[in-house]
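Data first, discussion second: the structure below is written as structure tokens.
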Amino acid sequence: MRPKIIAGNWKMNLSEKEALALATGLKEKLPSRLGDKKAVVFPSSIHLASVARILENSPVSVGAQNIYPSPLTAMTGETGPDQLSELGIGFALVGHSERRQFLKETSVFCNQKISYLAKNGFTAIYCVGETLEEREAGKTFEVLSKQIQEGLGSIPSDIFPRIWVAYEPVWAIGTGKVASPAQAQEAHAFIRKEISGLFQNGKSIADTTPILYGGSVKADNVKELLGQPDIDGGLVGGASQKLDSFLALF
Ligand code: 13P
């Protein structure tokens, strides 16, 4: 059985005061609503330490929005997994479309990050998804296949349990245009099949890999999306950045 997961990506949207108030509110109010779901939040790097301190000993996990795949080293402006471990942080996003689109992050570089994270005990959430132009050109599955092959290819099966995937169609991110449950389910089933194809006996690996959907997830669509057989949770931007709308997802 795969867990149901709600992950909140706070992006670069919150001030320190807002991020700390949101974390404090979640610590107080989320435990009674959580049920059997898992919750993870991804504050921006400048707020990681304080948010992690607030959420310590709470059921809400904390993750980084990005990492550099290396032990402590001279790498200006980046955050390393060793630094996150010290704060008790065990999750990281990799390859979010905003980083792919605006910072030219490639699936090949994502592969290095995912592999480094998973080898070092972190859970990596690998984000994939097509743009509107790619969908309209009928290239959705080609794009997803390439992102999966390049991003997850040659990752050893023994560390694959520490990898989750997030399907985030770029046209649905922050636009209010949510993929229909059928569109999302179709893409998730395809991603699961691609993961299965990475290994000789890949079906059991693919069947246990959580695949989250991201793109305008809100209280009024989360239940139907999470009711699809291959959708294991949501990676939520806007609706995770205010206490009431975050709590309403549970
Ligand atoms: P929205 O929920 O604001 O569309 O953002 C989705 C996202 O990019 C999560 O990583």
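Residue by residue, what Karplus-based ³J(HN,Hα) values in Hz, rounded to whole numbers, does the range 238-250 have, using 6.51, -1.76 and 1.60 with θ = phi - 60° and x for Gly and Pro?
These are the phi-based 3J(HN,Hα) values: x, 5, 8, 9, 10, 4, 5, 6, 5, 4, 5, 6, 9 Hz.
Kindly list the residues of the range 94-118 that lie in the label zone of Y68, defined by a backbone N under 15 Å from the point 7 Å along the Cα-to-C-beta vector.
Answer for the range 94-118: 113.
Local charge sum around P3 (other residues, Cβ-Cβ under 12 Å, Lys/Arg +1, Asp/Glu -1)?
Spelling it out: positives minus negatives among the neighbours equals +2.
Mind giving me the nanometre distance, one decimal, between the label points for L103 and S50, set 7 Å out from Cα along Cα→Cβ?
Simple spin-label model gives 2.1 nm for this pair.
Relative to the present Cα-Cα distance, how much length would full extension add between F199 and E133 at 0.36 nm per residue of separation?
20.7 nm
So for V165, V40, fewest C-beta neighbours within 10 Å to most, what's the order?
By the 10 Å Cβ count, ascending: V40, V165.
Each residue of the range 70-75 in turn: what ³J(HN,Hα) in whole Hz from Karplus with 6.51, -1.76, 1.60 and θ = phi - 60°, glycine and Pro shown as x?
3J(HN,Hα) across the range 70-75, in whole Hz: 6, x, 3, 7, 7, 8.
Amide H neighbours of G8 under 5 Å, at least 5 residues apart or on other chains, H built in the peptide plane: list them.
Residues meeting the criterion, in which the H sits 1.01 Å from N, are V40, V41, F42, V236.
Treat each spin label as a single point 7 Å out from the Cα along the C-beta direction, and report the D36 to R2 distance in nm.
Output for this residue pair reads 1.6 nm.
What list do you get for E130, E142 if you sort them by fewest beta carbons within 10 Å?
E142, E130
Taking the Cβ of S196 as the center, what net charge do the other residues with Cβ under 11 Å away carry, scoring Lys and Arg +1 and Asp and Glu -1?
+1
Just tell me which lysines come within less than 25 Å, Cα to Cα, of K146; anything on the same chain fewer than 8 places away is out.
Counting by Cα, and skipping residues close in sequence, K146 has these lysines nearby: K104, K113, K119, K177, K193, K203.
Give me the distance in nm between label points sitting 7 Å out from Cα along the Cα-to-Cβ direction at Q228 and E16, one decimal.
Spacing of the two 7 Å Cα→Cβ label points: 4.0 nm.
Residues in the range 113-153 near a label at D82, defined as backbone nitrogen under 19 Å from the 7 Å Cα→Cβ point?
Counting backbone N atoms under 19 Å from the label point, the list is 113-123.
Could you order the peptides 154-162, 86-94, 207-215 from most to least packed, using the average number of other C-beta atoms within 10 Å per residue?
Result, highest mean Cβ count within 10 Å first: 207-215, 86-94, 154-162.
Bear in mind that the values in this text are calculations on the coordinates, not laboratory data. Note that this is a predicted model, so its numbers are computed, not measured. Cβ sites come from the backbone with ideal geometry, for glycine too, and all protein chains shown count toward neighbours.
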